[in-house]
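Undergrad: Take this structure first; my questions come after.
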Ligand SMILES: Cc1cc2nc3c(=O)[nH]c(=O)nc-3n(C[C@H](O)[C@H](O)[C@H](O)COP(=O)(O)OP(=O)(O)OC[C@H]3O[C@@H](n4cnc5c(N)ncnc54)[C@H](O)[C@@H]3O)c2cc1C
C-alpha cells in the first residue's frame with residue numbers, strides 16, 4: 001500500500017486499523033482501482049475503511065467528528081446523482097462488510113439485516129422462505145439495502161408496494177458524533193411520538209449512517225402475467241393505466257413506459273428483438289402479481305382484449321414463459337445502448353402528474369430542439385407512479401446547465417419534482433429550489449446542523465450549507 005499524506009487533523013490509517021482491524025483499510029492504488037460508481041471518473045478520497053459492526057462505525061464516527069474529518073458513506077455505489085463522489089480530504093466508510101441477514105421472521109413477515117446486504121441477495125433469501133421483498137430495480141445486483149434506505153429507492157413495483165420507505169419498519173443508525181440511535185421496531189403500527197427512522201430514509205447519508213434495518217416482507221406472489229402493449233398517444237397511456245388498474249382488482253404491479261425513441265435504440269438490428277412489426281409512438285410493459293396463475297391469466301387477457309377493443313392499445317404481446325417475460329423486460333431495462341448512442345449522456349428522473357406528462361414531454365422536446373438542434377432525447381419510466389426518466393445526448397462538456405434547464409424549467413411551472421427517486425446528491429443541488437421552498441430548505445439545514453453540527457457526513461451533498 002502507498003502511504004498518502006494526511007492533513008494535520010485528519011484521521012490516520014493506523015487509527016482506523018486500530019478500530020476496524022487488519023485488512024479493513026484501503027489506500028493508494030488499492031483504493032484508486034475500485035469502481036468509482038456510475039458517472040464518476042475516479043475515487044479521490046485518501047482512505048476507505050470497512051467496519052464490520054455498529055460499534056466500529058460508532059467509534060470511527062466519534063473519532064472523525066472529534067477531528068472534523070469529513071466522511072462519505074458508500075453502499076453499492078450504484079446511485080445516479082454523484083452522492084458518493086469524494087474529495088481528496090475525505091474518507092470513505094464502506095458498508096460492504098456489514099452484510100449479514102440476521103433473521104427472517106416468517107410469522108411476523110419481517111427481516112433483520114445489516115445495511116450492506118445486496119438487494120438481490122436479500123430478495124433471493126426471502127423467496128427461499130416463501131416470502132417476497134418487493135423493492136426491485138435495475139441496480140439490484142450491486143445496490144445495498146442501506147443504500148436503498150438512504151436514497152428511499154423506488155423502482156419497478158412502487159405502484160403496488162410503495163417505495164423503500166414503505167418497506168422499512170425499523171432502523172439502527174449512527175450519528176455523526178458516534179451515538180447509536182436504535183429504532184429497530186418490527187411492528188407495522190407504532191405511533192409513539194416522532195418517527196425518528198424517517199430522518200435517515202432518503203437523506204442520502206447526510207444525517208447518519210444506517211447500520212441495520214428491520215424490513216417488511218410480503219407473501220410471495222405465485223402468479224405473474226406480463227405483456228408489452230403498443231399505445232399511440234399519451235392520452236391513451238393515461239386512460240390505459242386507469243383501465244388496467246380498475247380491471248385487475250389490485251394485481252397491477254408494474255406499468256412501465258418507453259417512447260419510440262428509447263424502444264428504437266434497444267431494438268435496432270443486432271440488438272434486442274422487437275415483438276412488433278409496426279412501430280408505435282409508445283410502449284408499455286404491464287405486469288400483474290397474484291396468487292392463481294390460470295384465473296389471473298384469464299382476467300389479464302380479458303382486460304387487455306377490452307383495452308384493444310376500446311382502442312386504448314393498438315397491439316399487445318403476452319409473455320408465455322419466464323424466458324419471454326425476461327426478453328420483454330430486457331427492452332425496458334437495458335441501458336447500455338442508450339448510454340453509448342446518446343453522448344454526452346444525461347439521465348433525468350422527474351416526477352409529475354400523469355395528466356401533465358404529454359404537455360411536459362412536448363415542452364422538453366421543444367426546449368432541447370431549440371438549444372441543441374442535433375440533440376437526442378428519449379422518455380421512459382415508472383409512469384404508473386408519475387415518474388418519468390429522460391435520456392438526453394446533447395451538447396458538449398460545458399453544456400450541462402443548459403441541457404438541465406430544458407428539463408427542469410418546464411417542471412417548475414407545474415410544481416413537479418426534480419428527483420422522483422434518485423435523490424439530490426451533487427447532481428441536482430443547483431435545482432433543489434424548484435421543488436422545495438426556502439422555508440423547507442432552511443428547516444432541512446437546521447435538522448442537518450442539529451444532528452451533524454460539524455458537517456462531517458457527506459458534506460456538500462443534498463444541501464449547499466447556505467440558507468434556502
Ligand atoms: C441499472 C440501474 C438501475 C437503477 N434503477 C433505479 C430505479 O429504478 N429506482 C431507483 O430508485 N434507483 C435506481 N437506481 C439507482 C440506485 O440503484 C439506487 O439509488 C440505490 O438505492 C442506491 O443504493 P447503493 O447501495 O448503491 O447506494 P450508493 O450509491 O452507494 O449511495 C447512495 C447514497 O446513499 C448513501 N448511503 C449508502 N449506504 C448508506 C448507509 N448504510 N447509511 C447512510 N447512507 C448511505 C451514500 O452516501 C449516498 O449518499 C438504479 C441504478 C442502476 C445502476
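The values are calculated or read from the model by the stated rules, or taken from the named source; none is laboratory data. Just so it is clear, the model here is predicted, and its values are computed rather than measured. Reconstructed Cβ throughout: ideal geometry from the backbone, glycine too, with neighbour counts over all protein chains shown.
Undergrad: Among the numbered conditions (1) surrounded by 23 or more Cβ atoms within 10 Å (Cβ to Cβ); (2) under 17 Å from the mean Cα position of the chain (by Cα); (3) at pLDDT 95 or above, tell me where residue 165 comes up short.
TA: (1)
Undergrad: Could I ask something else about it? Among the residues that make up the stretch 119-141, is at least one of them within 12 Å of the ligand (Cβ to nearest atom) and within 18 Å of residue 57 (Cβ to Cβ)?
TA: No, the stretch 119-141 has no match at all.
Undergrad: Of the numbered conditions (1) assigned by TED's automatic domain parsing to the domain that holds residue 184; (2) surrounded by fewer than 23 Cβ atoms within 10 Å (Cβ to Cβ), residue 150 satisfies every one except a single condition; which is it?
TA: All conditions are met except number (2).
Undergrad: Going through the stretch 456-468 one residue at a time, which ones are farther than 17 Å from residue 173 by Cβ and at pLDDT 95 or above?
TA: 459, 460, 463 - these are the residues of the stretch 456-468 that are farther than 17 Å from residue 173 by Cβ and at pLDDT 95 or above.
Undergrad: Out of 340, 351, 321, I need the residue that is more than 21 Å from residue 278 (Cβ to Cβ) and under 21 Å from the mean Cα position of the chain (by Cα). Which one?
TA: Every option except 351 fails the conditions.
Undergrad: Considering only residues of the stretch 306-344 that are part of a loop (DSSP other than H, G, I, E, B) and without any contact (Cβ under 8 Å) to a residue 40 or more places away in the chain, which is farthest from residue 39 (Cα to Cα)?
TA: Looking at the filtered set, the residue picked out is 320.
Undergrad: Still on this model: Name every residue in the stretch 185-194 that is surrounded by 13 or more Cβ atoms within 10 Å (Cβ to Cβ) and closer than 25 Å to residue 446 by Cα, in order of residue number.
TA: none
Undergrad: Related question: Of the residues that make up the stretch 49-57, is at least one closer than 20 Å to residue 10 by Cβ, within 14 Å of the ligand (Cβ to nearest atom) and out of contact with any helix residue (DSSP H, G or I) (no Cβ under 7 Å at 6 or more places or on another chain)?
TA: Yes, that holds for at least one residue.
Undergrad: Taking the condition in contact (Cβ under 8 Å) with a residue 40 or more places away in the chain, within 16 Å of the ligand (Cβ to nearest atom) and not in a helix (DSSP H, G or I), does residue 211 pass?
TA: yes
Undergrad: Next question. Does residue 464 qualify as being surrounded by fewer than 17 Cβ atoms within 10 Å (Cβ to Cβ), more than 19 Å from the chain's Cα centre (by Cα) and either part of a loop (DSSP other than H, G, I, E, B) or within 16 Å of the ligand (Cβ to nearest atom) (or both)?
TA: yes
Undergrad: What about residue 128, is it surrounded by fewer than 16 Cβ atoms within 10 Å (Cβ to Cβ), free of Cβ contacts under 8 Å to residues at least 60 places away in the same chain and under 22 Å from the mean Cα position of the chain (by Cα)?
TA: The answer is no for residue 128.
Undergrad: Still on this structure, I have one more. Among (1) touching a helix residue (DSSP H, G or I) at 6+ places or on another chain (Cβ under 7 Å); (2) crowded, with 18+ Cβ neighbours inside 10 Å; (3) over 28 Å from residue 389 (Cα atoms), which single condition is residue 448 missing?
TA: The number of the failed condition is (1).
Undergrad: Another question, then. Tell me which residues, restricted to the stretch 142-156, are near the ligand (Cβ under 6 Å from one of its atoms) and assigned to a helix (DSSP H, G or I).
TA: 146, 147, 148, 150, 151
Undergrad: Name the residue, out of 278, 172, that is within 16 Å of the ligand (Cβ to nearest atom) and surrounded by fewer than 24 Cβ atoms within 10 Å (Cβ to Cβ).
TA: None of the others qualify; the one that does is 172.
Undergrad: Output the number of the condition that residue 415 fails; it satisfies all remaining conditions of (1) outside any helix (DSSP H, G or I); (2) surrounded by fewer than 20 Cβ atoms within 10 Å (Cβ to Cβ); (3) within 16 Å of the ligand (Cβ to nearest atom).
TA: The single condition residue 415 does not satisfy is (3).
Undergrad: Then there is this: Hey, among 72, 6, 81, which residue is surrounded by 15 or more Cβ atoms within 10 Å (Cβ to Cβ) and at pLDDT below 95?
TA: Going through 72, 6, 81 in turn, just one is surrounded by 15 or more Cβ atoms within 10 Å (Cβ to Cβ) and at pLDDT below 95: 6.
Undergrad: State all residues of the stretch 60-110 that are touching a helix residue (DSSP H, G or I) at 6+ places or on another chain (Cβ under 8 Å) and away from the ligand (no atom under 16 Å from the Cβ); if no residue qualifies, say none.
TA: The answer is 63, 104.
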